[in-house]
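The structure follows.
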Amino acid sequence: MTLPQTIGQAAAALSIEPLSLVITGLDGSLDVRIDTERPLYPASMIKTPLAAAVWVLIKDGLIGADQTVRVTGSNLTANDDASPLVPGYSATVAELIELMIARSDNVATNMLLDVAGRERASAIARERLNLRQTAFHRKLSGSLPLIEDPEWDGVHRNAHPAADAARLFESIARDDIPGAAELYGALARQTWNDKLPRGLQPGDVLAHKTGDTDEVTHDGGILQTPQGGVYVLAVYAGMPSTPENNAKFGPFMARLRTFLR
């Protein structure tokens with residue numbers, strides 16, 4: 001049995017399905033891919049490529065990290081945690097990136113979509129970050145009903161499959177893109193840690209991002225082991241994000257961890 005088959009069976013045994021997965025060792029020692037192009041909705045995984053696109057704009061001098069943006073009612077939506085982004089509050093672009101990644105703040109995401117522009121951010125993802133299947137189409141809604149979004153075409157959804165997520169995490173780990181160090185720091189300060197982190201071993205460090213809706217539950221990032229291994233993981237599952245389903249990621253990560261050094 002091949003390693004992808006073994007991992008696929010481990011996921012099936014935990015009812016983590018449908019599954020889209022990438023595990024890559026930066027030293028080339030491991031490369032496992034399962035249905036990596038499956039078009040699962042990315043949910044909040046879309047926030048990492050948006051942050052990367054914004055950092056490209058910062059490094060190009062088109063916007064400033066210390067540039068301030070005022071919160072408006074049009075970008076307000078629910079969050080899983082209290083947000084400082086209330087109407088009238090002014091945040092810097094750097095603060096919005098931190099909130100978007102480390103706390104998965106939906107209001108910060110919507111504000112940064114305005115700052116970067118959807119078409120421009122999508123072009124950066126494709127042309128500068130080599131994320132060929134990634135696109136920004138709609139602002140985020142933390143609950144129903146969906147927020148009003150006049151710029152949405154009414155058809156397309158945000159796209160960022162597991163293959164692109166893993167490619168972006170690898171670029172961050174290799175320091176190959178603008179703002180890689182800042183992006184890694186924000187991922188390392190992740191406050192939502194109820195999935196893959198629960199299956200780690202002592203001394204492991206996972207800088208990561210999650211994604212959750214009533215359709216999908218995802219987790220992925222950059223794992224550093226005490227033995228010196230560095231791995232990129234992207235685990236997408238086409239099942240609702242519930243406490244029961246999210247709890248499956250811990251034992252699954254524990255199983256994955258047996259293949260990593």
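Does the stretch 48-62 contain any residue that is open to solvent by 20 Å² or more (accessible area, probe 1.4 Å), in contact (Cβ under 8 Å) with a residue 40 or more places away in the chain, touching a Phe, Trp or Tyr at 6+ places or on another chain (Cβ under 9 Å) and within 24 Å of residue 213 (Cα to Cα)?
There is no residue in the stretch 48-62 that is open to solvent by 20 Å² or more (accessible area, probe 1.4 Å), in contact (Cβ under 8 Å) with a residue 40 or more places away in the chain, touching a Phe, Trp or Tyr at 6+ places or on another chain (Cβ under 9 Å) and within 24 Å of residue 213 (Cα to Cα).
Mind listing just one residue for me: the one in the stretch 208-241 that is of a type in the set (A, V, I, L, M) and within 18 Å of residue 43 (Cα to Cα) and, of those, surrounded by the fewest Cβ atoms within 10 Å (Cβ to Cβ)?
Taking the stretch 208-241 as the starting set, the residues that turn out to be of a type in the set (A, V, I, L, M) are 216, 222-223, 230, 232-235, 237, 239.
Next cut, within 18 Å of residue 43 (Cα to Cα) only: 216, 233-235, 237, 239.
Details: 216: 22, 233: 24, 234: 29, 235: 29, 237: 28, 239: 19.
Result: 239.
In this structure, is residue 194 charged (D, E, K, R), open to solvent by less than 60 Å² (accessible area, probe 1.4 Å), touching a residue at least 40 places away in the same chain (Cβ under 8 Å) and assigned to a helix (DSSP H, G or I)?
Working: charged (D, E, K, R): yes; open to solvent by less than 60 Å² (accessible area, probe 1.4 Å): yes; touching a residue at least 40 places away in the same chain (Cβ under 8 Å): yes; assigned to a helix (DSSP H, G or I): no.
Considered against the rule, which asks whether it is charged (D, E, K, R), open to solvent by less than 60 Å² (accessible area, probe 1.4 Å), touching a residue at least 40 places away in the same chain (Cβ under 8 Å) and assigned to a helix (DSSP H, G or I), residue 194 comes out as no.
Same structure, new question: From the set of residues in the stretch 92-131 that are in a loop (DSSP other than H, G, I, E, B), out of contact with any Gly (no Cβ under 9 Å at 6 or more places or on another chain) and in contact (Cβ under 8 Å) with a residue 24 or more places away in the chain, which is surrounded by the most Cβ atoms within 10 Å (Cβ to Cβ)?
Our first condition is that a residue be in a loop (DSSP other than H, G, I, E, B); within the stretch 92-131, this holds for 103-105, 117, 128-131.
So of that shortlist, the ones also out of contact with any Gly (no Cβ under 9 Å at 6 or more places or on another chain) come out as 103, 105, 117, 128-131.
Now restrict to residues that are in contact (Cβ under 8 Å) with a residue 24 or more places away in the chain: 103, 105, 128-131.
Numbers: 103: 20, 105: 29, 128: 15, 129: 22, 130: 14, 131: 25.
Within the stretch 92-131, the match that is surrounded by the most Cβ atoms within 10 Å (Cβ to Cβ) is 105.
Same structure, new question: Name the residue, out of 82, 91, 43, that is of a type in the set (A, V, I, L, M), touching a strand residue (DSSP E or B) at 6+ places or on another chain (Cβ under 9 Å) and over 25 Å from residue 156 (Cβ atoms). Break it down into steps so the answer makes sense when it comes.
Values: 82 fails: touching a strand residue (DSSP E or B) at 6+ places or on another chain (Cβ under 9 Å); 43 fails: over 25 Å from residue 156 (Cβ atoms).
Of the residues listed, the single one that is of a type in the set (A, V, I, L, M), touching a strand residue (DSSP E or B) at 6+ places or on another chain (Cβ under 9 Å) and over 25 Å from residue 156 (Cβ atoms) is 91.
Output the number of residues of the stretch 158-191 satisfying the condition of being open to solvent by 70 Å² or more (accessible area, probe 1.4 Å) and either in contact with an Asp or Glu (Cβ under 6 Å, 6 or more places away or on another chain) or part of a loop (DSSP other than H, G, I, E, B) (or both). Working first, answer last.
Step one: filter the stretch 158-191 for residues open to solvent by 70 Å² or more (accessible area, probe 1.4 Å), giving 167, 174-176, 181-182, 189, 191.
Cutting the leftovers down to either in contact with an Asp or Glu (Cβ under 6 Å, 6 or more places away or on another chain) or part of a loop (DSSP other than H, G, I, E, B) (or both) gives us 174-176, 189, 191.
Residues flagged as open to solvent by 70 Å² or more (accessible area, probe 1.4 Å) and either in contact with an Asp or Glu (Cβ under 6 Å, 6 or more places away or on another chain) or part of a loop (DSSP other than H, G, I, E, B) (or both) within the stretch 158-191 amount to 5.
Which residue pairs have Cβ atoms under 6 Å apart, sit 6 or more places apart or on different chains, and have a first residue in the stretch 76-91 that is outside any loop (DSSP other than H, G, I, E, B) and a second that is surrounded by fewer than 13 Cβ atoms within 10 Å (Cβ to Cβ)?
Within 6 Å, the pairs are 90/68; 90/70.
Looking for whichever is open to solvent by less than 10 Å² (accessible area, probe 1.4 Å) and hydrophobic (A, V, I, L, M, F, W, C) here; the options are 252, 259. Which one fits? Spell out the reasoning first.
Working: 259 fails: open to solvent by less than 10 Å² (accessible area, probe 1.4 Å).
Result of the check over 252, 259: 252.
Whether any residue in the stretch 140-155 is out of contact with any Lys or Arg (no Cβ under 9 Å at 6 or more places or on another chain) and open to solvent by less than 20 Å² (accessible area, probe 1.4 Å) is what I want to check.
The answer is no, given that none of the residues of the stretch 140-155 is out of contact with any Lys or Arg (no Cβ under 9 Å at 6 or more places or on another chain) and open to solvent by less than 20 Å² (accessible area, probe 1.4 Å).
With respect to residue 22, determine if the residue is under 14 Å from residue 111 (Cα atoms), of a type in the set (Val, Ile, Thr) and surrounded by 17 or more Cβ atoms within 10 Å (Cβ to Cβ). Give the steps one after another, and end with the answer.
On the way: under 14 Å from residue 111 (Cα atoms): no; of a type in the set (Val, Ile, Thr): yes; surrounded by 17 or more Cβ atoms within 10 Å (Cβ to Cβ): yes.
No.
The values are calculated or read from the model by the stated rules, or taken from the named source; none is laboratory data. Model, not experiment: these values are computed from the prediction. Ideal geometry is used to build each Cβ from the backbone, glycine not excepted, and the neighbour counts take in all protein chains shown. In case anyone asks, the SASA skips ligands and DNA or RNA and just uses the protein heavy atoms, side chains included. Shrake-Rupley method; radii C 1.70, N 1.55, O 1.52, S 1.80 Å.
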